[in-house]
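Engineer: My questions all concern the structure below.
Just so it is clear, none of the values below were taken in a lab; they were calculated from the coordinates. Just so we're clear, the structure is a prediction, and the values are computed from it rather than from any experiment. Cβ atoms come from the backbone with ideal geometry, glycine included; neighbour counts cover every protein chain shown.
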Amino acid sequence: MDEQADFKTVGFIGLGAMGKPMLMNLVNKLPSESQFFVFDVCEPAMDEICKQFPDQVFRRASPKHVAENASTIITMVPEGSHVRTVYLDPENGICSTDVSNKLLIDCSTIDTAASIAVSDHIYKNFPSASFYDSPVSGGVVGATKGTIAFFLGCTDDDPNLKRLTQLASMMGKQIIPCGGPSLGLAAKLSNNYLSGVIAIACSEAYDMGMRSGLDPRTLAKVYAAGTAQNAISDRFCPVPHVYPEASSTGGYKQGFKVQLMRKDFGLAVEMAKRVDSQNVLGEAGLATYDGASKDPKCRDLDSRVVYRYLGGNENWLSEGNDA
Ligand code: NAD
């Protein structure tokens with residue numbers, strides 16, 4: 001069988017900051033015979049991509065119409081409520097048409113309960129369809145470069161793993177099967193919880209060290225050499241001018257928006273409650289990201305702006321410490 005036979009008709013729903021570059025990678029990497037059927041509630045998002053690939057990308061009037069045309073469908077929308085609408089709306093949802101035998105992949109970062117509700121509905125009504133949660137990590141830059149990681153809600157021996165890997169490899173680098181339905185999301189949410197907590201802890205640790213008289217570049221060396229070594233300090237340092245390529249150095253302009261961290265952190269805290277996991281840092285972390293995402297000095301900036309939100313000194317370099 002042609003290895004890419006399944007990807008002759010691909011649906012893509014949600015053409016935002018992540019969805020659009022993911023789709024562009026697929027259009028550029030699949031054979032030119034492949035056709036793409038897209039839908040977004042935002043008309044200009046559809047216009048833009050259809051204009052760019054007039055022979056391959058076609059707009060459709062609803063998720064239902066996408067499903068009528070495509071045998072593989074990827075969804076990439078903001079929240080659980082949108083995923084429920086896209087799949088379950090009785091008039092216009094994907095599942096309002098026959099999706100038997102179709103491959104359905106939701107890459108949105110949402111609550112596990114919404115994902116399970118969609119999955120249950122699909123398997124009850126269309127037992128031959130396949131639905132996977134497959135959230136991603138790596139941000140807009142990763143989506144554009146095709147280097148994002150996929151956390152797949154399936155086992156290592158899932159019969160669709162080869163197809164899923166083939167498709168995901170055109171949009172990303174790492175594809176990690178996480179063990180079963182909704183576990184891709186559980187992995188993603190626990191990852192973002194950990195990353196969010198580390199960013200707060202890093203901001204506080206740098207701040208107490210700097211207020212005690214230390215140069216943050218010395219602190220970075222100490223953490224990297226000691227037991228506190230972590231990627232946030234090393235590559236995403238919340239203190240500006242410690243790591244030149246960190247978003248903080250450019251005024252926190254590029255990166256993972258603080259509102260998205262607030263959303264994912266909240267979902268992780270809810271998940272912890274649901275599975276009865278003790279979560280002593282959850283409340284403080286959530287209050288911090290909630291406050292930062294509403295603060296005009298931080299909103300729309302990279303989530304490591306918590307350093308600013310917590311009162312960290314961003315001007316240390318010009319205040320007497322030469323580069
Ligand atoms: P975005 O807001 O830029 O894009 C979402 C798109 O979905 C928009 O174009 C919007 O019009 C569309 N949409 C909303 N409701 C819809 C509906 N009912 N039907 C069809 N389209 C609809 O968001 P994004 O940054 O692309 O994020 C998408 C998902 O990916 C989120 O769950 C987010 O948490 C996750 N994510 C984002 C990043 C990031 O850095 N931006 C990184 C990893 C994961």
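Engineer: Hey, if you put +1 on the Cβ of every Lys and Arg and -1 on every Asp and Glu Cβ in the chain, which of N92, P216, A113 ends up farthest toward the positive end of that dipole?
Structural biologist: Working it through, the farthest residue towards the positive pole turns out to be P216.
Engineer: Just to check I understand the Karplus step: with θ = phi - 60° and J = 6.51 cos²θ - 1.76 cosθ + 1.60, what whole-Hz values come out for the stretch 148-165, glycine and proline as x?
Structural biologist: Along the stretch 148-165, the couplings run 5, 9, 10, 9, 8, x, 7, 7, 5, 10, 4, x, 8, 4, 5, 4, 4, 5 Hz.
Engineer: May I ask you to list the trypsin sites (Lys or Arg not before Pro) in the stretch 290-320 that are in a DSSP loop and have at most 15 other Cβ atoms within 10 Å of their Cβ?
Structural biologist: K297, R299
Engineer: Explain nothing, just the number: relative contact order of the stretch 186-319, from Cα pairs under 8 Å at least 6 residues apart, as a whole percent.
Structural biologist: Worked out over the stretch 186-319, it gives 29 percent.
Engineer: Please work out the C-alpha center-to-center distance from the stretch 45-103 to the stretch 236-294 and express it in whole Å.
Structural biologist: 31
Engineer: Another question about this same structure. Only bridges with both residues in the chain count here: give the DSSP antiparallel percent, nearest 5.
Structural biologist: 10
Engineer: Given DSSP loops and a limit of at most 11 other Cβ atoms within 10 Å, what is the longest stretch of the chain that contains no such GluC sites (Glu not before Pro)?
Structural biologist: 92-244
Engineer: Now, a different point. Taking the DSSP beta bridges in the stretch 3-180 as the whole, what percent of them are antiparallel, to the nearest 5?
Structural biologist: If I count the DSSP bridges inside the stretch 3-180, around 5 percent turn out antiparallel.
Engineer: What is the dipole size for the stretch 3-180, taken about its Cα centre, with +1 at each Lys and Arg Cβ and -1 at each Asp and Glu Cβ, in debye to the nearest 20? Show your work: numbers first, answer last.
Structural biologist: Numbers: 14 positive and 20 negative charges, 75 e Å.
Charge dipole, the stretch 3-180, about its Cα centre: 360 debye, nearest 20.
Engineer: Can you list residues whose amide H is under 5 Å from F37's amide H, if they're 5+ apart or on another chain and H is modeled 1.01 Å from N?
Structural biologist: Sorted by chain and number, the residues that satisfy this are V10, G11, F12, F58.
Engineer: State, as an integer percentage, the relative contact order of the chain based on alpha-carbon contacts under 8 Å between residues 6 or more apart.
Structural biologist: Once divided by the residue count of the chain, the mean separation gives 12 percent.
Engineer: Helix-only mean residue ellipticity at 222 nm, the chain, DSSP H runs n ≥ 4 weighted -39,500 (n - 2.57), per residue, nearest 500. What is it?
Structural biologist: -13500 deg cm²/dmol
Engineer: Taking a quarter of the surface of the Cα convex hull of the chain, what do you get in nm²?
Structural biologist: Its Cα hull, projected and averaged over all orientations, spans 18.2 nm².
Engineer: Let me ask something additional. For a test of the definition: using alpha carbon positions, the gyration tensor, and the 1.5 limit on a/c, classify the stretch 3-180 as rounded, prolate or oblate.
Structural biologist: It is rounded, given that a/c, with a ≥ b ≥ c, falls under 1.5.
Engineer: Taking the Cα centre of the chain as the origin, how large is its charge dipole in debye, to the nearest 20, when only Lys and Arg (+1) and Asp and Glu (-1) carry charge on their Cβ atoms?
Structural biologist: Roughly 340 debye for the chain.
Engineer: Relative to the longest principal Cα axis of the chain, at what angle does helix 258-274 sit, 0 to 90 degrees, rounded to 10?
Structural biologist: 80
Engineer: Which semi-axes, in whole Å and largest first, does the equivalent ellipsoid of the stretch 186-319 have when worked out from the alpha carbon gyration tensor as the square roots of 5 times its eigenvalues?
Structural biologist: The answer is 25, 17, 13 Å, longest axis first.
Engineer: Given that compact globular proteins tend to follow 2.2 N^0.38 Å, what is the ratio of the alpha-carbon Rg of the stretch 1-73 to that value?
Structural biologist: Normalised Rg, Cα atoms only: 1.01.
Engineer: Under a Cβ-only charge scheme (Lys and Arg +1, Asp and Glu -1), can you give me the dipole magnitude of the stretch 108-203 about the Cα centre, in debye to the nearest 20?
Structural biologist: Dipole of the stretch 108-203, to the nearest 20 debye: 300 debye.
Engineer: So, one more: Hey, what do the phi angles of the stretch 102-119 turn into as Karplus ³J(HN,Hα) couplings, whole Hz, using 6.51/-1.76/1.60 and θ = phi - 60°, x for Gly and Pro?
Structural biologist: So the J values, rounded to whole Hz, are 7, 9, 10, 10, 9, 9, 5, 8, 9, 5, 5, 4, 5, 5, 5, 4, 5, 4.
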